[in-house]
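Participant: What follows is a single structure, and I will ask about it in a moment.
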Amino acid sequence: MHIIDPREAANTDVGLQVWVTVTPLSLSISDSVTRVRVRVSAKNPGRDTLAIDNGGLPCVLTDDPIDSKGLLHSMRIADDDSEFDAGPRGDVCGTSLLIFPPRRTRQRDFYITTRSWTDSGYPLVARDYRVRSYFAGYEGYSAVLRMVP
């Protein structure tokens, strides 16, 4: 998990901090009960209000959220074989112009279970996966989700 320092500078070229947290950090592929929370966060660390154009509506989804339009929060699961499509994904569409006041954080939670993983058509394989985070099409810090036997 990447811990972001709230005083840290933006990690996107529009002035936002974007990151993901995963709780718990590991899940047994035989666990049919536990839900993994994937929280995608975006913060305006500056002193000025940011106006961010996210591509407008209607929402257009692609494998790579950077190429999509109209998105707010997105997450993708990657592994050594796939940058965007190694596990379940999540997307939330929004308005075309985002007004982001100073020091404000927006978060969205996505939930994954072993059942949702297989129901989405992905094999359950014990390995490390990289959970990628996006806000308004800008990629932030990722986190590791460890699937264990």
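We did not get these values from a lab; they are worked out from the coordinates using the rules stated. Keep in mind that what you see is a predicted model, and the values were worked out from it rather than measured. Note: ideal-geometry Cβ built from the backbone for every residue, glycine included; neighbour counts use all protein chains shown.
Participant: Measuring from centroid to centroid over Cα atoms, what is the spacing of segment 110-145 and segment 55-101 in Å?
Facilitator: Answer, in whole Å: 13.
Participant: Check which residues have an amide H placed less than 5 Å from GLY90's amide H, if you skip close sequence neighbours.
Facilitator: Distant-sequence amide H within range of GLY90: MET75.
Participant: Just to check I understand the Karplus step: with θ = phi - 60° and J = 6.51 cos²θ - 1.76 cosθ + 1.60, what whole-Hz values come out for segment 51-59, glycine and proline as x?
Facilitator: 10, 10, 8, 9, x, x, 10, x, 5
Participant: Using amide H atoms built 1.01 Å from N in the peptide plane, name the residues 5+ places from ILE29, or on other chains, whose amide H lies under 5 Å from its own.
Facilitator: Amide H neighbours of ILE29, under 5 Å, 5+ apart: VAL148.
Participant: Given charges of +1 on the Cβ of Lys and Arg and -1 on the Cβ of Asp and Glu, with all other atoms neutral, how large is the dipole of the chain about its Cα centre, in debye to the nearest 20?
Facilitator: 720
Participant: What order do you get for GLU139, GLU83 when you list them from fewest to most C-beta neighbours inside 10 Å?
Facilitator: Ranked by crowding around the Cβ, least crowded first: GLU83, GLU139.
Participant: Checking the a/c ratio against 1.5 first, then a/b against b/c, what shape does the Cα gyration tensor give for segment 69-137?
Facilitator: Prolate shape, in that a/c is at least 1.5 and a/b is the bigger ratio.
Participant: Select from segment 9-118 those trypsin sites (Lys or Arg not before Pro) which occupy a DSSP coil region and have at most 12 other Cβ atoms within 10 Å, ordered by residue number. Don't skip to the answer; put the middle values down first.
Facilitator: On the way: sites: ARG35, ARG37, ARG39, LYS43, ARG47, LYS69, ARG76, ARG89, ARG103, ARG104, ARG106, ARG108, ARG115; in loops: ARG35, ARG47, ARG89, ARG103, ARG104.
Here the trypsin sites (Lys or Arg not before Pro) that fit, given the DSSP loop and packing criteria, are ARG47, ARG103.
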